[in-house]
Amino acid sequence: MTSAQIEIQLIASLVAIACAIPGTFLVLRKMAMISDAISHSILPGIVAGFFLTHDLNSPWLILLAAVTGIITVFLVEFIQKTGLVKEDTAIGLVFPALFSIGVIMIAKNANDVHLDVDAVLLGELAFAPFDRLEVNGTDLGPKSLWVIGCILLITVALLITFFKELKLSTFDKGLAATLGFSPVIMHYGLMATASVTTVGAFDAVGAILVVALMIAPPAMAYLLTTDLKKMLILSVIFGVIGAIAGYWVAHWLDASIAGSMTSVLGVLFLLVYLFAPGKGLISVLYRQKRQRVEVHLLTFLLHLQNHEEESERHVNHLNEHINWQKVRSKSVLDLALKNNMITIEDDIISLTKKGKSFTSEAIDYIITNKNAAIEEMKDRFFLFRG
Amino acid sequence: MSEKIAISVDDLTVAYNYKPVLWDIDLSIPEGVLMAIVGPNGAGKSTLIKSILDIIKPIAGSVKIFGKPYKKQHEHVAYVPQKGSVDWDFPTTALDVVMMGTYGSLGWIKRPGQKQKKAALEALEKVGMLEFKSRQISQLSGGQQQRIFLARALVQNSSIYLMDEPFQGVDATTEKAIINILKELRKAGKTVIVVHHDLQTVPEYFDWVTFLNVKKIATGPVKDIFNDDNLTKTYGINYKVSIQQ
Ligand SMILES: Nc1ncnc2c1ncn2[C@@H]1O[C@H](COP(=O)(O)OP(=O)(O)O)[C@@H](O)[C@H]1O
Ligand SMILES: [Mg+2]
């Protein structure tokens, strides 16, 4: 690996981590769309900042653009508060307006500005190692590495300092307010962090990937864990995997780095969405199937309980009586046997003691539908699990 | 019951988008009562609670907690929001939610430690939820979630408890357990205010009641004012309750 390659991957990874942290809270607050709005509408801020400073990595440019991000959030909330339109409509009104102002500003000044719309949407990560920070002739590495490094440091410091407040105000805004933690301050603090991160990442990865990096890793993590700290750590890991794998995919395919990173994240998300234990699609479908079998089992047990006579309890008779196909009858029989609910002697099925009490309790539950009853059942039996 | 006033509400008017939902409310709640707030859907019961808690700013009037504005008194007040006001899929455990009740006394930045954890475990024990402490909150039944909310309020160890429909969607066992805890709180001299829907149980559970429907209809001891007249004024229909007092 050349040093430029290492630098690019390092920048991409830091950007991914810096995005994953505010992104986790945006996802939990169901504000994914807002990050889309911010990443597009900071464009006029970046362009104006560039005219003033002539340096894409200037802290002033970053602050100015971040203010545009906050103004976006403020405008969206203002429009929403009038009660005339819903939040997504308000977002859809604000960010195209601001984004197009930015595009026009670039077009009007295209000659003397090395900003173009392609770069804005997809970033110029490949060129990042060429713009270097030099102090007194000493090379200190790529400028964007320093910029995103500083932003990441601030983000992590804020996260550690205000973790408790962030968690509380994200979970329960009302309680946060009554305990003296202003949810408004937390909200705009988070928006400010997201805006600054977006601006810092923008130059490297562009407007589209910023959104992907903020939302996709936390969305994956959300499907995999039920613990906020683990969710943050997983988001960071997914972000970094996306960044590094994306870089190499781009390298092999000779494609855009930002585009490849987004694609890798997309594929990763699809995998997690399908295979996540518990919340993934396959697991949900499997659970539904199992519940179906369990309901059949219950039907079957109830039939046994209702019929003492042997003719009704013959293995072959069941197919005809309950009107099931052979396969289903067999899987239900196996399940009942496995759980010691029935015994089979000479092809005659009998309920065991456990089978009898289970059936009575399950029927009891279904009829009374009391929450208290099912809690105990869940632990003792496999039915109604999950 | 002492003569001290726990909460006084003066000329309170609250509006959403300039449409008043609470109109000129005056209310004095004595310390040590167990009070129900009753009224039809949309009467402004939740809004009243949120205004007392300074979550919603009124367009007129004021609220005092033990004679001072809420801002200076927040450590004396615990709040149980309506269960539907939070996302129960949030990645956290029952214990962690109860720990949130201790954040107010910690203040900004300081982190909860062993002392806070112990208090949270005690509160979980009190509501009979200790064995579920590590369970993710979406894996709890509605009644259990409500108990977690109650435990979170208990851990604040406040003088005033404001609860928004704590009996909503809970089974009979949980309802009994909750009301017993509320009665214990009153016995310990706390002031407990509960938005309540089941008119039948008002005389059995509460000693004080406020009738609300945009305006305050009546407030006072249940035995004096819980009658057909006030119910009719509040619910707008000819209300005949056959409740034995
Ligand atoms: N955030 C809000 N914005 C606009 N209107 C609201 C809002 N919250 C409540 N309302 C309206 O205020 C009225 C009172 O609501 P609420 O206090 O929740 O009533 P209750 O708790 O008695 O059912 C209702 O008409 C409701 O539609
Ligand atoms: Mg309400």
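The values are calculated or read from the model by the stated rules, or taken from the named source; none is laboratory data. Predicted model, so just to flag it, every value in this text is computed and none were measured. Because the Cβ atoms are built from the backbone with ideal geometry, glycine has one as well, and the counts that use them run over all protein chains shown.
In the set (1) part of a helix (DSSP H, G or I); (2) polar (S, T, N, Q); (3) within 14 Å of chain B (Cβ to nearest Cβ), A:T226 fails one condition alone, (1). Filter segment B:44-79 for residues that are within 12 Å of the chain's Cα centre (by Cα), within 9 Å of chain A (Cβ to nearest Cβ) and within 15 Å of ligand 1 (Cβ to nearest atom) and give the result. Residues satisfying the conditions are B:K50, B:L53, B:Y79. What do you reckon, is A:T197 touching a residue at least 24 places away in the same chain (Cβ under 8 Å), among the hydroxyl-bearing types (S, T, Y) and within 11 Å of chain B (Cβ to nearest Cβ)? Taking the combined requirement at face value, the residue does not satisfy it. Is one or more of the residues making up segment B:41-54 among the β-branched types (V, I, T) and either away from ligand 2 (no atom under 16 Å from the Cβ) or surrounded by fewer than 21 Cβ atoms within 10 Å (Cβ to Cβ) (or both)? Scanning segment B:41-54, I find no residue that is among the β-branched types (V, I, T) and either away from ligand 2 (no atom under 16 Å from the Cβ) or surrounded by fewer than 21 Cβ atoms within 10 Å (Cβ to Cβ) (or both), so the answer is no. Elements of the type helices (runs of 4 or more DSSP H) sitting completely within segment A:308-386 and holding at least 1 residues that are over 30 Å from B:Q168 (Cα atoms) and either acidic (D, E) or at pLDDT 65 or above (or both): these cover A:315-318, A:326-338, A:353-368.
Screening segment B:27-40 for residues that are under 17 Å from B:K233 (Cα atoms) and part of a strand (DSSP E or B) and picking the one that is farthest from ligand 2 (Cβ to nearest atom) gives B:A36. Within segment B:123-134, the set of residues being in contact (Cβ under 8 Å) with a residue 12 or more places away in the chain and in contact with a Leu (Cβ under 9 Å, 6 or more places away or on another chain) comprises B:A123, B:L124, B:K126, B:V127, B:M129, B:F132, B:K133, B:S134. Residues in segment A:1-49 that are among the polar types (S, T, N, Q) and crowded, with 24+ Cβ neighbours inside 10 Å were compared, and the one that is farthest from the other protein chains (Cβ to nearest Cβ) is A:S41. Checking each residue of segment B:219-229 against the condition of being hydrophobic (A, V, I, L, M, F, W, C), under 16 Å from B:S8 (Cα atoms) and either at pLDDT 95 or above or buried (at least 17 other Cβ atoms within 10 Å of the Cβ) (or both) gives no match. Any residue that is facing another protein chain (nearest Cβ under 9 Å), over 19 Å from the mean Cα position of the chain (by Cα) and hydrophobic (A, V, I, L, M, F, W, C) - is there at least one of those in segment B:117-126? Checked segment B:117-126: no residue is facing another protein chain (nearest Cβ under 9 Å), over 19 Å from the mean Cα position of the chain (by Cα) and hydrophobic (A, V, I, L, M, F, W, C). Is it the case, given these coordinates, that A:L52 is touching a Phe, Trp or Tyr at 6+ places or on another chain (Cβ under 8 Å), exposed (fewer than 15 other Cβ atoms within 10 Å of the Cβ), farther than 30 Å from B:Y18 by Cα and at pLDDT 80 or above? The answer is yes for A:L52. The set of residues from segment B:167-195 being at pLDDT 95 or above and within 16 Å of ligand 2 (Cβ to nearest atom) comprises B:I193, B:V194, B:V195. Going through (1) within 16 Å of ligand 2 (Cβ to nearest atom); (2) closer than 26 Å to B:V202 by Cβ one by one, B:Y16 falls short only on (2). Does A:L168 satisfy the criteria of being within 12 Å of chain B (Cβ to nearest Cβ) and under 20 Å from A:T226 (Cα atoms)? Criteria met by A:L168.
Quick one: would you say B:I37 is more than 23 Å from B:A151 (Cβ to Cβ), away from chain A (no Cβ under 14 Å) and crowded, with 18+ Cβ neighbours inside 10 Å? No, not satisfied. Within segment B:22-42, being over 16 Å from the mean Cα position of the chain (by Cα) and over 21 Å from B:K64 (Cβ atoms) holds for B:P40, B:N41, B:G42.
Output yes when any residue across segment B:51-74 is hydrophobic (A, V, I, L, M, F, W, C) and part of a helix (DSSP H, G or I), and no when none is.
yes
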